[in-house]
Every structure is written in structure tokens, then in C-alpha cells.
Amino acid sequence: STCSLYLKPCPQKDDAAEIIEKMVNADVIVMATPVYFYTMSAQMKTMIDRCCGRYTEMNGKEFYFIVTAAEGDRKKMLRTIDTFQGFLDCLEDPVIKGTVFGLGVWHKGDIEGNPAIEEAYQMGKQV
């Protein structure tokens, strides 16, 4: 697999190349992250950054976003969606089809009964 604009073999031996290949071949991509300090997790940002060598092949995709946070204010979570938008701004013809905000979830089990569960289920039925 390759991970640079120079098409050299990627020196990192992990699952990123396989995941990116699936993203290139997919019609729909769901990106989900916990929110830490009002932005996406470092792992999600790293995954996006690892797309650098192949992002030009991710054209015309439909995207869904799922974010979860201890914060209860949806407006404050828009910063994380803006960060996802930064990735999409580099793609050709992306379409955001839906976003789910799992708010007020911090501890294990907090998501139980949260409206985000049903929203994610209904969103998944649209795919």
C-alpha cells in the first residue's frame, strides 16, 4: 500500500491502508468519534491525516457523522462537525447525509435511553 503523494510504500504497519482502501471503494462513509475538549479524538484525526495519499480517490461519497460527548449543548459540538467538514472540503462532491449527536454521555452506560440511539438507527435505515 502507499501513504504518500510520492507513492512510496507506507512504512507504518497497521490497519490504516486496509481501512483507506475500504473508504476509497465505499459509496457511503460513516465517521464516528468521541469528543474530547470540543473536538474529535486524536485517533480520528490521525485516520483522516492518513488519507493524505489517497483522498483524491474519495470522490462523490455520502457521509454520515456520529459524535458523542459529555457536553449537553449541541451547538458546542458543531466545532467537531466543522473539523469533519475540513476533510470533506478537500474531497470532490462529498454529500453530508446525516449527523447524530450523542450528548450528555460520559460514563459507561450513559448512552442507554439517549435519543441518539434511535436517531442512529433511523439514519442507518436510510443508507
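Within the stretch 77-103, residues that are within 12 Å of Ala32 (Cα to Cα) have Cβ atoms under 6 Å from residues that are charged (D, E, K, R) in these pairs: Val100/Glu119; Phe101/Arg74, counting only partners at least 6 apart in sequence or on another chain.
The criterion of at least 2 residues that are in contact with a Gly (Cβ under 6 Å, 6 or more places away or on another chain) and surrounded by 17 or more Cβ atoms within 10 Å (Cβ to Cβ) is met by the following helices (runs of 4 or more DSSP H) wholly inside the stretch 11-127: 115-126.
Computed from the coordinates by the stated procedures, all read-outs in this text should not be read as laboratory data. Just so you know, these numbers come straight off a predicted model, no measurement behind them. All Cβ positions, even for glycine, are placed from backbone atoms using ideal geometry, and neighbour counts span all protein chains on display.
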